[in-house]
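A.B. asks: To start, I am sharing the structure in question, which I have written as structure tokens.
Quick note: the coordinates plus some simple rules give every number you see, no bench work behind them. Quick caveat: nothing in here was measured; it's all calculated off a predicted structure. Positions of Cβ are backbone-derived with ideal geometry, glycine not excepted, and every protein chain shown enters the neighbour counts.
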Amino acid sequence: MNNMRHKKPLLVLLIMATVFFICNTTESPAITEGDPQKALEAFATISKVLRSPRCINCHPSDNVPRVGDDSHEHLFGVVRGAADHNGPVQKCATCHQNENNAYTRIPGAPHWGLAPIGMGWQGLSDAQLGQTLLDTSRNGNRSPEALVEHMSHDALVLWAWDPGEGRTPPPVPLDEFRAALQTWLENGATVPE
Amino acid sequence: MSSSEKDIKLTSRRNFLQTGLVLLGGSAVLLEFGCAPTQRKVFDFVDSNEAPNMGLNKFDANFWIRILDDNKIELASPKVEMGQGVFTGAALCAAEELNTHPRYISVIHPTTQNGPVDPFGTGGSSSTAGLFEPVRKAAAITRVALEEAAAKIWKTSASNVEAKDGKVVYADKSLSFAEIIKQSKSIKFRKKGPALKTRKDFQYIGTDQPRTDLLQKVMGASIFGIDYELPNMVYGTTVESPYLGGKLKSFDADEALAMKGVLEVQEEDDYLLVVAEKRYVAEMAARKVKAEWTVNKKWTQEDIDAAVQVGKGKFESIQKDGNAAAVFRNKDQGKTLEFEYRTAAAAHAFMEPKGTIARYADGKMYIITGTQQPNRDRVEIAKKLSMKKDDVDVQCAFLGGGFGGRFYINKVIQAARASKKLGRPIHVLSTREQDFINNYYRPSSHHVMKAKIENNQIVAVQHDMATDDMIFDFMPAIMQKLMGADPSSCHGAAFNYSIDSRVTNSWRVDTPYVTGIWRGVGIVATSFAKEVFFDEIAEELGQDPIEMRLAHLKDEKDARHGRLRTVVEKVRDASNWKGKSVAGFGKGFACAMDRETVVAGVAEVTVDNGKIKVTKFTLGIDAGLIVNPEGVRQQCEGCIMMGLSSAIYEELLVKDGKVNHSNYHQYPVAMLSDSPEIEILLLGTGEHVYGVGEPPIAPVAPAIANALYSATGKRFRNTPFRNDLS
Amino acid sequence: MKINFKINGKAVSVDVDADTPLLWVVRDELKLKATKYGCGRAMCGACSLHVDGELTRSCSFPVKFAEGKEVTTLEGLSPNEEELHPVQQAWMEENVPQCGYCQPGFMMAAAKLIKEIDNPSTEDIKANISNICRCGTHPRIIKAIKRAAQIQQSKTSSL
């Protein structure tokens, strides 16, 4: 009986959350026309972050993760693998857990792994980087809003600002990055030509 | 102690240990005069002869072999098991003379107090070879004693009974060894044992046997030094200078001491030791200690490379045959080839970091550790802690790799001191970082090779090598006078090929870190320089490198020449040496004599996108009589992998006063992906057992370098080649 | 902090600092010493074990993450010496170990490998195990893994 009583409010909450989510993401788009110049300025800030080793190391354009501020190739034969998480035997999670490890100094965050090959950012111009970000066939079918949501709140993205000893965070503070994302979105999510 | 142990254990350890010391004293007196020709002779003797088993010649059989109540035959091995397979070799030797299958025999590490421990340690490829005579003797004496005791029980002549698989059999009757001991008032051992079996009579020696420790190692049994626990034990982690030669100036341990579970921080002359209830806490607390170090000089790699240079340091003559000086002086005739070679310093990097468990109680010290020198550890503790040697007992456990890196375990004395201060057992373990940074290393080397070619013949060769010492620090100081050149550092430096004029010189230099032995000792460097050089000479002469070597192995007074010729021919044929060559693929050859063992190898390599891949290595070896072919194969495989690793990857560098490699990401070693196809040809001859743990490493680096030349047209005169040729 | 999990099929509860590496919990609290400390940086693989069937380097796995999970060490790979896991049986048949220190980690990696790749080639093995061995048992490890896969197959087909 106890269980039954608890289930109902939970269900209501769940429905409410879903409605809220749908309203927020699809029915009232945050994207507005705005000032394309402002969007481009914001994108310049965003790209500084994306190009930092903390982000681009796991967004390689090839099949080898990069490591460290010097973005050297990951040692010990670690590769992308079929599911972006190294092989079927040794996976990223063989060594990387949900948080940075103080004992081994191995970095960690939830779903540690590589971005899909389509989201490889190495060697891209700003224009290419922007197009790649917005290309729903490559970005995991994300709308600009979903993209901003991902970059503002995803645990693995946020790890970049708490990367552990010996790793430099992105050159833009997290709040400025989030603000830039918002500005970019509010001004048409324009990317360089 | 069981009753059978009591009956059978008759003698004391002291007699045994003294024998070793007396022998060494004897040789020291004989060879006291240190002038160059004598030094060359002494050096040559040490360089070319099998390591003597000082201390293992005289013994009492029952000190080595015990029959336990359950009829288990326990053999105490004076040599430690570090993976080289000596326990299996020793079991085979005992089995042969006990007429008992090796599976009935268990081999153990005795402690320094209760069994035979070689006072000179385990190394120099001498473990199975060194035990071949004494273990068989001990087993034969034991067998005869048991047969005679059984005959007495049955009231018959000893010639009517026979030992077989743990029993003595007489007609249709049989008694187990343990039963015989139980039924006998005393067991009499004859001083002089029976004649030992020879090669033709062997039933176990020479057969393939799996390792005696195989099941333990496959099941993950607790057998390594750092696996042990003692009641009430605590854990210790040291804080040691990251700088070469750094001395402790000041420290602040408040933050460490405030951590839950930290018991104390002990201050010693040159390090600190954090003691905690848990290993994790000890390590994390050690990181919180802020220590300052006085550093007189911050060494750089450039300093070291400049020091390790032919022409610098102390000159010692090693070999002087014929009249090389005059031949080289004569510039009118022939052509002089001259090339320089370098090998890098290297770490042992064995998988089990150095660790020790020490318990000090009631004036006695008990040590458990994986060590190549249990007796040295015992002596050092006694000396440094002002204890009597007899109050220190060292139990060696299986070593998680040795390679010459466990001749000195800094953790032993650290743990002993700590336990004495604490009055509790302590487990002191190196972090991997400390094992890389606070350790001793294989020294780097520099070689200048010269050859004089006249009428398409090699008429003179000269090898000058500069390197730091490997063994002198472990020997009485007088040995430096006696030998001049360090016999380990310069091992294999002298030429063995039949050439009229041959000169070899050593330049003893000093580097800022402690240098010591590493698998193969000097032959890793000397064989590399010599055998790449001979490949270059063969090219100059327009001769096939193998045929040129064969033509220079014609000294009929040196039996090794004939044996090596055979090995070289077999390896040549097995490796299809003259098979067609393809672009980007190459074969290379090298051979060596290491004391009495002769080896040859052919490496096959490809270079793809700048990456070196050794695709196959064919190795032939004649190490005399082979006790366990399966064990020899393992040692050959080990040498190929370690030789490959050293040749391609390993180099220990110094930067800003520190060793620049703290872990495997900065000190890469060969991995599964580097593993070539391996073919081993065992060509054992004769009645003598020679070393196999190190000789096979000699041809590996030069054969790979020569193969790389054939694949790329580029000479590789420095190790490591670094696996990036792009 | 109390953490509850299963080790080799047995439920255990340990009371240690939650960030203690599973390696030291397994060795020092649970007294299972097959799992080795090698590098302390998840590079050598000597501390490899399985957590919920996934290969895990236990030096870099805080024990708090084991809560409610099933941990298997080499000691739990087979019920006893007579019924060896295919990997252990193959290791026996190929006489693989030398010093033996790295072997538990290699065997745990191999056990996972033959589960994922039932008929591995030499290249599969080289690409999927990055443990470190210093004695040079590499060629035997490769042979033994292939043999273990065969043993596994013959056991499955005979069922």
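A.B. asks: Ranking B:561, C:50, A:150 by Cβ neighbours within 10 Å, fewest first, what do you get?
C.D. replies: Fewest to most other Cβ atoms nearby, the residues stand as A:150, B:561, C:50.
A.B. asks: Moving on. Where both residues lie in the protein assembly as shown, what percent of DSSP beta bridges are antiparallel, nearest 5?
C.D. replies: Within the protein assembly as shown, antiparallel bridges account for around 75 percent of the total.
A.B. asks: Shifting gears a bit: In terms of the ratio Rg/(2.2 N^0.38 Å) built on C-alpha atoms, what value belongs to chain B?
C.D. replies: 1.00
A.B. asks: Where Rh is the Kirkwood radius over the Cα pairs of the protein assembly as shown, the temperature 37 °C and the viscosity 0.692 mPa s, what D in µm²/s does Stokes-Einstein return?
C.D. replies: Value of D from the Cα-based Kirkwood radius: 103 µm²/s.
A.B. asks: A further question follows. Using 0.36 nm per residue, how much length does the chain from residue B:656 to residue B:182 gain when fully extended, once their Cα-Cα distance is taken away? Before the final figure, lay out each step's value.
C.D. replies: On the way: separation 474, 0.36 × 474 = 170.64 nm, distance 6.75 nm.
Using 0.36 nm per residue and subtracting the Cα-Cα distance, I get 163.9 nm.
A.B. asks: Further, regarding this structure: Averaged over peptide C:27-38, how many Cβ atoms belonging to another chain are found within 10 Å of each residue's Cβ? Each step should come with its number before you reach the end.
C.D. replies: Details: counts 5, 8, 1, 0, 3, 2, 9, 6, 1, 8, 12, 9.
Shielding by partners across C:27-38 averages 5.
A.B. asks: First select every other residue whose beta carbon is under 14 angstrom from the beta carbon of residue B:349; then total the charges, Lys and Arg +1, Asp and Glu -1.
C.D. replies: Its environment carries a net charge of +2.
A.B. asks: Additional query: From other protein chains only, count the Cβ atoms within 10 Å of every residue's Cβ in C:50-63, then give the mean. Working shown, then result.
C.D. replies: On the way: counts 0, 3, 0, 0, 5, 8, 6, 8, 0, 6, 10, 10, 9, 1.
Mean partner-chain Cβ count within 10 Å for C:50-63: 5.
A.B. asks: Can you tell me how much longer the chain between residue B:421 and residue B:540 gets when fully stretched, taken as 0.36 nm per residue apart minus their C-alpha distance, in nm with one decimal?
C.D. replies: The residue B:421-residue B:540 span can extend by a further 36.2 nm.
A.B. asks: To the nearest 0.05, how large is the calculated FRET efficiency for residue A:134 and residue B:290 if R₀ is 56 Å and r is the Cβ-Cβ distance?
C.D. replies: 0.65
A.B. asks: Here is a follow-up. Give, as ranges by residue number, the residues of segment B:174-209 whose backbone N falls under 11 Å from the point 7 Å along Cα→Cβ of residue B:164.
C.D. replies: B:174
A.B. asks: Another question about this same structure. Just to be sure I understand the model, the point goes 7 Å from the Cα along the line to the Cβ. What's the resulting residue B:216 to residue A:122 distance in nm?
C.D. replies: Taking the simple label geometry, residue B:216 and residue A:122 are separated by 4.7 nm.
A.B. asks: Ranking request for peptides B:372-378, B:627-633: highest mean number of other beta-carbon atoms within 10 Å first, then the rest in descending order.
C.D. replies: Numbers: B:372-378: 24.7, B:627-633: 22.9.
Going from most to least packed, we get B:372-378, B:627-633.
A.B. asks: Along segment B:291-299, what does the Karplus equation 6.51 cos²θ - 1.76 cosθ + 1.60 (θ = phi - 60°) give for ³J(HN,Hα), rounded to whole Hz, x for Gly and Pro?
C.D. replies: Whole-Hz 3J(HN,Hα) from phi for segment B:291-299: 10, 10, 10, 8, 10, 5, 9, 8, 5.
A.B. asks: If you don't mind, there's one more thing I want to ask. Which ordering of B:556, B:650, B:454 is given by a fewest-first count of other beta-carbon atoms within 10 Å? Let's see the in-between values first.
C.D. replies: Numbers: B:556 8, B:650 24, B:454 13.
In order of increasing Cβ crowding within 10 Å: B:556, B:454, B:650.
A.B. asks: Go ahead and run the numbers for FRET between residue A:38 and residue A:75, Cβ-Cβ distance against an R0 of 41 Å, rounding to 0.05.
C.D. replies: 0.45
A.B. asks: For a protection proxy built on the mean count of beta-carbon atoms within 10 angstrom, sort C:63-70, B:215-222 highest first, please.
C.D. replies: Final packing ranking: B:215-222, C:63-70.
A.B. asks: Can I ask one more? Under 12 Å from the Cβ of residue C:3, count the other residues' Cβ atoms, weight Lys and Arg +1, Asp and Glu -1, and hand me the total.
C.D. replies: Neighbourhood net charge equals -1.
A.B. asks: Once the piece of chain linking residue B:556 and residue B:302 is laid out straight, how much longer is it, given 0.36 nm per residue of separation minus the C-alpha distance between them?
C.D. replies: Using 0.36 nm per residue and subtracting the Cα-Cα distance, I get 86.9 nm.
A.B. asks: Take B:198, C:73 and order them by how many other Cβ atoms sit within 10 Å, fewest up front.
C.D. replies: In increasing order of surrounding Cβ atoms, one gets B:198, C:73.
A.B. asks: Continuing with this model, one more query. Take peptide B:642-650, look around each residue's Cβ out to 10 angstrom, count Cβ atoms belonging to other protein chains, and average those counts.
C.D. replies: Details: counts 3, 1, 2, 3, 0, 0, 0, 0, 0.
The shielding value for this peptide is 1.
A.B. asks: With labels modelled as points extended 7 Å from the Cα through the Cβ direction, what inter-label distance (nm, one decimal) is found for residue A:102 paired with residue B:202?
C.D. replies: 5.8
A.B. asks: Let me ask you something else. Enter the mean projected area of the convex hull around the alpha-carbon atoms of chain C, in nm², rounded to one decimal.
C.D. replies: Hull-based average projected area comes out at 9.1 nm².
A.B. asks: Can you give the local net charge around residue B:556? Use residues other than it whose beta-carbon is closer than 15 angstrom to its beta-carbon, Lys and Arg +1, Asp and Glu -1.
C.D. replies: So the surrounding residues net to +3.
A.B. asks: Here is a further query. Let me know the number of lysine pairs in segment C:2-76 closer than 15 Å at the Cα, not counting same-chain pairs under 8 apart.
C.D. replies: Count of close lysine pairs: 7.
A.B. asks: Go ahead and run the numbers for FRET between residue B:155 and residue B:68, Cβ-Cβ distance against an R0 of 25 Å, rounding to 0.05.
C.D. replies: Once rounded, the FRET efficiency stands at 0.40.
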